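Chemist: Got a structure for you, questions after.
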Amino acid sequence: MTNQLATILGIMIAGALLFDVVINGGASIVFLLQKLLELIEWVAFWR
């Protein structure tokens, strides 16, 4: 991955997070983090 590609990807992720905070008050971020924690617990169970 080149530096330019990494920078563009970082800006896109930051923009998506900022968009979510402005539009939804961060509700989507919280929802996705909760689902990620559930996934981690589920995977840890099968380990």
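Just so it is clear, none of the values below were taken in a lab; they were calculated from the coordinates. Remember, it's a predicted structure, so these values are computed and weren't measured experimentally. Positions of Cβ are generated from backbone atoms using ideal geometry, with glycine treated the same way; all protein chains shown enter the neighbour counts.
Chemist: Given labels modelled 7 Å from the Cα in the Cβ direction, how far is it in nm from Ala44 to Phe31?
Modeler: Between Ala44 and Phe31, the simple spin-label model gives 2.5 nm.
Chemist: Something else now. Relative to 2.2 N^0.38 Å, what does the C-alpha radius of gyration of the chain come to as a ratio? Two decimals please. Intermediate results must be reported in sequence, preceding the final value.
Modeler: Values: Rg = 14.7 Å, N = 47, 2.2 N^0.38 = 9.5 Å.
In units of the 2.2 N^0.38 Å rule of thumb, it is 1.55.
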